[in-house]
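The values are calculated or read from the model by the stated rules, or taken from the named source; none is laboratory data. A quick note: this is a predicted structure, and the numbers were derived from the prediction, not measured. Cβ placement follows ideal geometry from the backbone for every residue including glycine, while neighbour counts extend to all protein chains displayed. With ligands, DNA and RNA removed, areas are computed over all heavy atoms of the protein, side chains included. Shrake-Rupley method; radii C 1.70, N 1.55, O 1.52, S 1.80 Å.
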Amino acid sequence: MINVNDLIGVPFKDGGRSKETGFDCWGLVKEVYKRTGIDLLDFDIGCQEASLINSAIECNRQFWEKVSNPNDHIPCLIVMRFNQAYFLNHTGVYLGGGLFIHTRERLGVNIDRVDSPAWKKLIEGYYCPKPEAYYEK
C-alpha cells in the first residue's frame with residue numbers, strides 16, 4: 001500500500017500542489033501518483049469551474065484506461081460527480097481495501113470508503129493512466 005498517512009489533514013487549497021501549502025483534488029492525485037514514480041500531467045482549473053473540470057476529464061479520457069476491478073490496479077484514479085450530477089468534477093485515488101484518498105474544501109485530505117452511501121453513487125469509474133498521461137521518472 002502507498003504510504004499516504006502524512007497527507008491526512010493537509011488543508012484544501014484551490015490550485016494547491018504541495019503538502020506544505022495544501023492540495024486541490026487533482027494536486028492530491030498528482031502527489032499520490034508521484035509517490036509511485038509517475039508524474040501526471042497538470043491542469044490549471046479552479047475547483048469551482050465544474051464545466052471546465054468536466055471538459056478536461058472528457059478531453060483526456062484517451063490517456064486513461066477504465067478498469068472494472070480497481071484492486072488489480074493500485075493506485076487507481078477515481079472520477080466522481082460531486083454535488084452536480086451532470087458534471088464529472090472530483091477525483092481521488094483508490095488505495096485498495098475499499099479505501100480512497102481525496103480532499104474536500106472543509107475537511108482537507110481524508111480517506112473514505114468507496115462503498116459508503118455517501119460516495120458509491122457518485123463514482124463514475126476507476127482509471128489507470130496510459131503512458132501518454134504522465135512523465136516517467
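What to note about this one:
- Within the stretch 101-110, the residues that satisfy the criterion of being of a type in the set (A, V, I, L, M, F, W, C) and either in contact with a His (Cβ under 8 Å, 6 or more places away or on another chain) or part of a loop (DSSP other than H, G, I, E, B) (or both) are Leu107, Val109.
- When restricted to residues that are assigned to a helix (DSSP H, G or I), free of Cβ contacts under 8 Å to residues at least 60 places away in the same chain and open to solvent by less than 30 Å² (accessible area, probe 1.4 Å), the stretch 31-53 contains 2.
- Flag not set for Val67, criterion: of a type in the set (Val, Ile, Thr) and within 18 Å of Leu28 (Cα to Cα).
- Flag if Phe87 is at pLDDT below 90 and either assigned to a loop (DSSP other than H, G, I, E, B) or under 14 Å from Tyr126 (Cα atoms) (or both): yes
- Boolean, Gln62 is open to solvent by 50 Å² or more (accessible area, probe 1.4 Å) and without any contact (Cβ under 8 Å) to a residue 40 or more places away in the chain: no
- Listed conditions (1) within 14 Å of the chain's Cα centre (by Cα); (2) touching a residue at least 40 places away in the same chain (Cβ under 8 Å) are all met by Leu107, apart from (1).
- Scanning the stretch 3-27 for residues that are exposed (fewer than 15 other Cβ atoms within 10 Å of the Cβ) and β-branched (Val, Ile, Thr) turns up Ile8, Thr21.
- Residue ID - nearest to Cys76 (Cα to Cα), chosen from residues in the stretch 1-30 that are outside any helix (DSSP H, G or I) and among the acidic types (Asp, Glu): Asp24
- Only one of the listed residues (Val109, Val79, Val93) is more than 16 Å from Tyr127 (Cβ to Cβ), crowded, with 18+ Cβ neighbours inside 10 Å and not basic (Lys, Arg). That residue is Val109.
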